[in-house]
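One structure is given here, and the rest of the page talks about it.
Nothing in this text is a laboratory measurement; each read-out follows from the coordinates by a stated rule. These numbers were taken from a predicted model, which means no experiment stands behind them. All Cβ positions, glycine included, derive from the backbone under ideal geometry; neighbour counts span all protein chains shown.
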Amino acid sequence: MLATHSKVVDLYLETTCAGFISDSAYQSLICLEQSADKIDQKLIKHLKQRISQGSISMATPLA
């Protein structure tokens, strides 16, 4: 459980500091959401809201 928590927190901090999230990081976040506890779910929900509002952008990998 602790490993899941640290991954969500790491993704949350990285994303909020950078202002964007990669597609692979977003997919990881979605996978982690299913096994997340209430606190992690709040962080994930907050990130999803910020993405939908446009304050965090989705980064696409360069081809």
Which residue pairs have Cβ atoms under 9 Å apart, sit 6 or more places apart or on different chains, and have a first residue in the range 42-56 that is free of Cβ contacts under 8 Å to residues at least 60 places away in the same chain and under 15 Å from G19 (Cβ atoms) and a second that is assigned to a loop (DSSP other than H, G, I, E, B) and among the aliphatic types (A, V, I, L, M)?
L47/I56; R50/I56
If I filter the range 27-45 down to residues being part of a helix (DSSP H, G or I) and touching a His at 6+ places or on another chain (Cβ under 9 Å), which single residue comes out as surrounded by the most Cβ atoms within 10 Å (Cβ to Cβ)?
D40
Looking only at residues in the range 12-23 that are part of a helix (DSSP H, G or I) and in contact (Cβ under 8 Å) with a residue 24 or more places away in the chain, which one is surrounded by the most Cβ atoms within 10 Å (Cβ to Cβ)?
T15
Kindly check whether there is at least one residue in the range 26-33 that is of a type in the set (D, E, K, R) and in contact with a helix residue (DSSP H, G or I) (Cβ under 7 Å, 6 or more places away or on another chain).
yes
Looking only at the range 8-32, how many residues end up being under 9 Å from the mean Cα position of the chain (by Cα) and of a type in the set (D, E, K, R)?
2
